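One structure is given below, encoded as structure tokens.
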């Protein structure tokens, strides 16, 4: 193998190693992002359930207030 071919082979091997390292870093970031997304998805689900409960409580209080208002004696 002549020097030019050896130099080219070394250059390609170096570039390949650098690209593999970049790929590994990108894969690590992707895994971390997926984990974060899973946590956020769970948190959103919990917040939606809490919001539904708060709305149900609000509606119950509103209905009770309307019943009290309707049953209260009216004054002139």
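Using Cα centres only, tell me the gap between the stretch 1-38 and the stretch 55-72 in whole Å.
65
Suppose only helical runs count, i.e. DSSP H with n ≥ 4. What mean residue ellipticity at 222 nm does that imply for the chain under -39500 (n - 2.57) per run, divided by all residues and rounded to the nearest 500 deg cm²/dmol?
Only helices count here, giving -34500 deg cm²/dmol.
Over the Cα atoms, compute the radius of gyration (one decimal) and Dmax (the largest Cα-Cα distance, rounded to a whole number) for the stretch 1-53, in Å.
Here Rg and the maximum Cα pair distance are 22.8, 76 Å.
Restricting things to alpha carbons, tell me how big the stretch 34-76 is in terms of Rg and Dmax, in Å.
18.9, 65
Here, each number is a calculation from the coordinates, and none is a lab measurement. Bear in mind the structure is a predicted one, so any value in this text is a computation, not a measurement.
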